[in-house]
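S.K.: Got a structure for you, written out below as C-alpha cells; questions coming shortly.
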C-alpha cells in the first residue's frame, strides 16, 4: 500500500501546521490523512415533500372522508356543538335507511353520542315487546339516508351518557308501537 | 449318433459364453476413438445464486410508507370496516443492485426528508450520487430480474398501487418488553387457590428429569416479546391519493403509529 515515507512526510507537515506533536503511531498507515475536505452536494427535498404537513395528514384524510360520506354536511351539523339543533342525549331519534321498504327505520332514546370523527356513532335504546333493545349507528354510514329528531325532552339531563336509565322510571319505552297508537 | 452330435452341438452353443478372442494386434483409428466428453457441472443447489432463483420474488419494487393511524370506512351497502392510513412522502430510488456486484436484483428506496446535519458524510455521498435529498429512511426491495429495476432518482408515488389490489405489509411490531408466558405464549397459568403459592402466572414444568436431563430446544419461556419483523399478507388497498400522498389499507398494520411500513404487491395473488 502506501509507504511509510508518505505518512511521515504528512506527519511532519501536519505537526508543523498544528503546532503540536502529531502522533500517527496508532493509526493504520495505509490511511493517508488529507487536509482537503471534499464538499458533498446536498440536494433540496422535492417540491411535493410533506414537511410539516405530515403532522396533519390524519386531519386531511378525515376531511376527505367527510367529503366522501357527507358531501352536503348535514351529518356534521347533527354533531356540531355550536349548532343549536344538534343531537343531544335524551332526544328521541328516528334513523331512516336507504331502500326503506326493505329496511324499516328504527326509533329510540338517544343514550349517548360517541364523537370520533368519521367514526362517530349514536346509541339508541327502545323496547320491543317489553325487552330493552339497544342499537348503535354510525352517523357517516352512507346507508343511513336521514336522521330525524322525533322529540326533544321537556328538560335535558345534565349528563351526556344516559346509561343509568336502564331499568329506572326514565327507561326508554316501545316507541314503535307508541307511534302507531298515538302518532308520537 | 447324429442325434447325439446334434444335442452336443446344441448344448455347446447353449453353454458357450462370449469370450474375448484375440485375433491379432489392431489399432483403432484416432477418428473412431471416443474423445473425452467434458460435461458441464450442474449448478450447486446450495449456492447463493440458486437460492435467489428459487426465491418467490415480486416482479417490481414496492413502496415505503409510514403508518399514521386508523380510521373507519364504509361500503355503499353500509358495511363498516377499519382502515390504516399510510403516508407516502417523496419516495425515490437511491440505488439498484445487480447479481454482478451484489449477488441479487434489488431496488433501494429512500423515504421523506431529513436535515443534512443529521446524516453522516458517507450517506450524504450516497444521496448525492443519486441526486436526491438526504432521506429519513432507506429500504430495499428485492425483485425477480432486471425488468423490475428502476432508474436511479425515480420518484414513486402512492398511485404505484391501484385501488382494489392486494398488498403485503412488512413492519416491526410493537415491543412488549420482557413478558411472561401467559402474555407471550397464551399459557393458562396455574390455579388461583388450592395450594398454589406465588406461581399463579407460571408456565409449569419445563420438561422431564434425568431423561433427557436437559430442556428441549424451542421450549416456550418468558422473554422479550414483540419488536419483531411482522408481515401481514393479502391486505386490500381501499383508496389511493397520489396528490396528497396517502394510501388507505383495509385492516391493521403491525407496529405503532410512525412505524415504517414496506408495502409490496401480494406475493400470493400474483
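S.K.: Please work out the C-alpha center-to-center distance from region B:234-249 to region B:80-150 and express it in whole Å.
M.R.: After rounding, the separation between the Cα centres reads 20 Å.
S.K.: Treating each Cα of region B:52-95 as an identical point scatterer and ignoring solvent, apply the Debye formula and state log10 I(q)/I(0) at q = 0.18, 0.23 Å⁻¹.
M.R.: Here the Debye-derived log intensity ratios amount to -0.78, -0.87.
S.K.: Considering Cα pairs under 8 angstrom that are at least six residues apart, work out the relative contact order of chain B and quote it in whole percent.
M.R.: Computed value for chain B: 23 percent relative contact order.
S.K.: Ok, one more. Evaluate E = 1/(1 + (r/R0)^6) for residue A:136 and residue B:241, where r is the Cβ-Cβ distance and R0 equals 30 Å; express this FRET efficiency to the nearest 0.05.
M.R.: Rounded to the nearest 0.05, the efficiency is 0.55.
S.K.: Over all distinct alpha-carbon pairs, what is the Kirkwood Rh of chain B in angstrom?
M.R.: 25.2 Å
S.K.: Using just the C-alpha positions of region A:70-182 as equal point scatterers, what log10 of I(q)/I(0) does the Debye formula give at each q in 0.16, 0.19, 0.21 1/Å?
M.R.: -0.74, -1.04, -1.26
S.K.: To continue, here is another question. Working out 0.36 nm times the residue gap between residue B:54 and residue B:206, then minus their Cα-Cα distance, what length gain in nm do you get to one decimal?
M.R.: 50.9 nm
S.K.: If I model a spin label as a point 7 Å beyond the Cα along the Cα-Cβ vector, how far apart are those points for residue B:270 and residue B:47 in nm?
M.R.: If labels sit at residue B:270 and residue B:47, their model points lie 2.3 nm apart.
S.K.: How many angstrom lie between the C-alpha centres of region B:42-56 and region B:168-195?
M.R.: Cα centres, region B:42-56 to region B:168-195: 38 Å.
S.K.: Right, next: According to the Kirkwood expression over distinct Cα-Cα pairs, how big is the hydrodynamic radius of region A:87-148, in Å?
M.R.: Value: 12.0 Å, from the Cα pair sum.
S.K.: Continuing with the same structure: Over region B:116-270, what is the relative contact order in percent, taking alpha-carbon pairs closer than 8 angstrom and at least six residues apart? Mind dumping the intermediate values first?
M.R.: Numbers: 213 pairs, mean separation 49.7, N = 155.
This gives 32 percent for region B:116-270.
S.K.: Compute the long axis of helix B:121-130 from its Cα atoms, compare it with the longest principal axis of the Cα atoms of chain B, and write down the angle in degrees, 0 to 90, nearest 10.
M.R.: So the helix axis and the longest Cα principal axis differ by about 70 degrees.
S.K.: Once you put a point 7 Å from the Cα of residue B:159 and another 7 Å from the Cα of residue A:40, both along the Cβ direction, what distance in nm separates them?
M.R.: Going by the 7 Å Cα→Cβ label model, 3.4 nm.
S.K.: Stokes-Einstein diffusion coefficient for region B:129-270 at 20 °C in a medium of 1.002 mPa s, Rh from the Kirkwood formula over Cα pairs: what value in µm²/s?
M.R.: Rounded to a whole number, D works out at 110 µm²/s.
S.K.: Separate question: Can you tell me what share of the DSSP beta bridges in region A:70-182 is antiparallel? A percent to the nearest 5 is fine. Let's see the in-between values first.
M.R.: Numbers: 23 of 24 bridges.
Antiparallel: roughly 95 percent of the beta bridges in region A:70-182.
S.K.: Which whole number gives the average count of other chain Cβ atoms within 10 Å of the Cβ atoms across peptide B:110-117?
M.R.: Average neighbour count from other chains, rounded to a whole number: 2.
S.K.: What number do you get for the protein assembly as shown when its Cα radius of gyration is normalised by 2.2 N^0.38 Å, N = residues? Don't skip to the end; give the middle numbers.
M.R.: On the way: Rg = 38.4 Å, N = 454, 2.2 N^0.38 = 22.5 Å.
Compared with the compact-globule rule of thumb, the protein assembly as shown sits at 1.71.
S.K.: Let me ask something else. Using alpha-carbon pairs under 8 Å, 6+ residues apart, how would you state the relative contact order of region A:50-124 in percent?
M.R.: Computed value for region A:50-124: 21 percent relative contact order.
S.K.: Here's a follow-up. If you find the alpha carbon centre of region A:147-184 and of region A:100-146, how far apart are they in angstrom?
M.R.: 13 Å
S.K.: Let me ask something else. Can you tell me the 0 to 90 degree angle between the C-alpha axis of helix B:2-15 and the longest principal axis of chain B, rounded to 10?
M.R.: Once rounded, one gets 30 degrees.
Taken together, the values in this text are just the output of simple stated rules run on the coordinates, not laboratory data. Everything quoted here is computed from the prediction, not taken from an experiment. Note: ideal-geometry Cβ built from the backbone for every residue, glycine included; neighbour counts use all protein chains shown.
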